[in-house]
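Notes for the one structure printed next.
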Amino acid sequence: MKLGVIIPLNNNVDAEFSRLNQLGFETCQLNCWDDSLFTDENANKVISAAKKYGITISALWCGWQGPAVWDFYDGPLTLGLVPSEYRAIRTKNLMTGVDFAEKINVTDIVTHAGFLPEVPASSQYNEVISVIRYLAQYCKSKHKYFVFETGQETPVTLKRAIEDIGTDNLGINLDPANLILYGKANPIDAIDVFGRYIRGVHAKDGFYPTDGKNLGIEVPVGEGLVNFPLLISKLKKFGYDGAITIEREISGEKQIADIIKAKTFLEKIIEQEDIRC
């Protein structure tokens, strides 16, 4: 397992990759919420910087246009492909992201699909499944994987959606903290449900919600409820040997300090697990 960080696609790509290199990371997920940045010029910059600094891009984390409210009331109405009024433009955003991933030779496109409906017999569920199947088929035409970020639905709901979509290029980016922050599952148990579909993992930490409207609180890796030693051990048992991408949802010097601390924390766990195996 190699450690990485989420970095933004912006107009200073070289500096972002240089910082990763200086911090001792070998992988990253490239994050972008503005599809106007998916240009040939930026693709060339990304390819050049990744080669220059020896960084492997494990996935393109692709956002979408429109409102995004990260709570339990407005979240289901605004996030991902679930709200019908935003599906068309967000489908276009994601397809543009797939095209950019092809330009930079990245296989996996990760996104939040939204609060996937829990009732499979509902019209909303079937509409969402249909649009994701369309996107997955577009990904397949470009030899890419469509990868779901976890958290906004139960593990069983997500696995059912993958089975109902039915293409063979679907995967899961396991964010253990999201499963806790959204109150959806114990992330260790979720691995039993997700199994072979796990193609990426975020190292993020946090606590369960304490009220019915707001998500739980995100905290530095190692200070929340995610049992990282058990998580990494179980991932290995399921054959996962990909990137562990550190995510800290703040900015500034504190973010960098927390990422460095998380790197040291996770390196020790991975080393101990390698010795044990």
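In table form, for the structure just shown:
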read-out	value
Residue match in the range 201-216 (condition: basic (K, R), within 29 Å of F146 (Cα to Cα), surrounded by 20 or more Cβ atoms within 10 Å (Cβ to Cβ) and out of contact with any Leu (no Cβ under 8 Å at 6 or more places or on another chain))	yes
Residue list for the range 151-173, filter: outside any loop (DSSP other than H, G, I, E, B) and touching a residue at least 60 places away in the same chain (Cβ under 8 Å)	G171, N173
Any hit, the range 14-28, residues being more than 30 Å from D211 (Cα to Cα), surrounded by 14 or more Cβ atoms within 10 Å (Cβ to Cβ), of a type in the set (S, T, N, Q) and in contact (Cβ under 8 Å) with a residue 60 or more places away in the chain	yes
The range 50-62, residues that are without any contact (Cβ under 8 Å) to a residue 60 or more places away in the chain and either surrounded by fewer than 19 Cβ atoms within 10 Å (Cβ to Cβ) or of a type in the set (S, T, Y) (or both)	K51, K52, Y53, G54
Scope the range 79-98; condition over 18 Å from the mean Cα position of the chain (by Cα) and either closer than 30 Å to A43 by Cα or aliphatic (A, V, I, L, M) (or both); matching residues	Y86, R87, A88, I89, K92
Members of the range 29-38 that are among the polar types (S, T, N, Q) and free of Cβ contacts under 8 Å to residues at least 60 places away in the same chain	N31, S36
Residue within the range 169-178 that is over 15 Å from the mean Cα position of the chain (by Cα) and among the hydrophobic types (A, V, I, L, M, F, W, C) present	no
Residue in the range 130-140 that is within 27 Å of K263 (Cα to Cα), of a type in the set (G, A, S) and either buried (at least 18 other Cβ atoms within 10 Å of the Cβ) or touching a helix residue (DSSP H, G or I) at 6+ places or on another chain (Cβ under 8 Å) (or both) present	no
Count of the range 255-275 residues which are free of Cβ contacts under 8 Å to residues at least 12 places away in the same chain and basic (K, R)	1
Filter pass, D192 being without any contact (Cβ under 8 Å) to a residue 12 or more places away in the chain and either surrounded by fewer than 21 Cβ atoms within 10 Å (Cβ to Cβ) or of a type in the set (F, W, Y) (or both)	yes
Whichever residue in the range 102-132 is under 19 Å from the mean Cα position of the chain (by Cα) and not aliphatic (A, V, I, L, M) and, among such residues, is farthest from R199 (Cα to Cα)	F115
Residue in the range 222-236 that is in a loop (DSSP other than H, G, I, E, B), modelled with pLDDT of 95 or more and of a type in the set (A, V, I, L, M, F, W, C) present	yes
Members of the range 134-157 found to be in contact with a Gly (Cβ under 7 Å, 6 or more places away or on another chain) and not hydrophobic (A, V, I, L, M, F, W, C), listed by number	Y145, Q152
Scope the range 261-277; condition of a type in the set (A, V, I, L, M, F, W, C) and either touching a Gly at 6+ places or on another chain (Cβ under 7 Å) or in a helix (DSSP H, G or I) (or both); matching residues	A262, F265, L266, I269, I270, I275
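The values are calculated or read from the model by the stated rules, or taken from the named source; none is laboratory data. A quick note: this is a predicted structure, and the numbers were derived from the prediction, not measured. Every residue, glycine as well, gets a Cβ built from its backbone with ideal geometry; the counts of neighbours run over all protein chains shown.
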